[in-house]
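Asks: This structure is in structure tokens; I'll ask about it shortly.
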């Protein structure tokens, strides 16, 4: 099968998933997903989690918060300045798919692909996990819910959030590696006390 046909098929599935979510009545979730989606604007949830880690986690908590926030910074820059302008995918049309008004959040003016909210949430969780693995579990769970909230509120297609999650994870791994003492001081021996 030709690559262009694969992409067309994937896009059809992506749009169908978006439509199915939009048309499924979920009144108990609607307001919560809208609040969560708005709460994740400007990485506010990651900033709050970083503050909590820095205050309660001692030296490792502060380092985890720093690596997590560095990962957010790198990811936000790459996604918003580099990838989104190349993606050129229009935002979903909530009116056409009849996304309930109770779910609506402000529709961003940027392109849809990839999801910046998803990318930065996963970047933060991955960056923190590089230093403090137990904290990564709930943070990845929160990142997944943030990513879903972007589809639930109608501002992204599912493919946008999956791509954002993958991109944020990869960029955070690269950031965490560059941040690690072994990469700055010449190898694994630098990690010994």
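Please treat every number below as a calculation from the coordinates, not as lab data. All values derive from a computational prediction rather than experimental measurement. Cβ: placed from backbone, ideal geometry, glycine included. Neighbour counts: every protein chain shown.
Asks: Take the Cα atoms of the range 84-159, find their three principal axes, and give me the spread along each one in whole Å, biggest first.
Replies: Principal-axis extents of the Cα atoms in the range 84-159, largest first: 44, 30, 18 Å.
Asks: Report, in cubic angstrom per residue, the convex hull volume of the C-alpha atoms of the range 28-82. Could you put the intermediate results ahead of the total?
Replies: Numbers: hull volume 4.4 nm³, N = 55.
Residue-normalised Cα hull volume stands at 79 Å³.
Asks: May I pose another question? Using only helices, what value at 222 nm comes out for the chain when you add -39,500 (n - 2.57) per DSSP H run of length 4 or more and divide by the total residues, to the nearest 500 deg cm²/dmol? Intermediate results must be reported in sequence, preceding the final value.
Replies: Details: 10 runs with 138 residues, N = 193.
Here the helix-only value at 222 nm equals -23000 deg cm²/dmol.
Asks: Still on this model: Starting from 0.36 nm per residue, how many nanometres of slack lie between residue 35 and residue 96 once their C-alpha separation is accounted for? Could you put the intermediate results ahead of the total?
Replies: Values: separation 61, 0.36 × 61 = 21.96 nm, distance 2.29 nm.
Net length gain for the segment: 19.7 nm.
Asks: So how do 47, 139, 7 line up by other beta-carbon neighbours within 10 Å, fewest first?
Replies: Working: 47 15, 139 25, 7 10.
Arranged by neighbour count, lowest to highest, 47, 139, 7 become 7, 47, 139.
Asks: Expressed in whole Å with the largest first, what are the equivalent ellipsoid semi-axes of the range 3-184 derived from the C-alpha gyration tensor as the square root of 5 times each eigenvalue?
Replies: Largest first, the range 3-184 gives 30, 19, 12 Å.
Asks: Where the centre of each part is set by its Cα atoms, how far does the range 7-77 sit from the range 86-137, in angstrom?
Replies: 6 Å
Asks: Where the Cα atoms of the range 41-114 are projected onto their three principal axes, how long is each span, largest first, in whole Å?
Replies: 50, 31, 13
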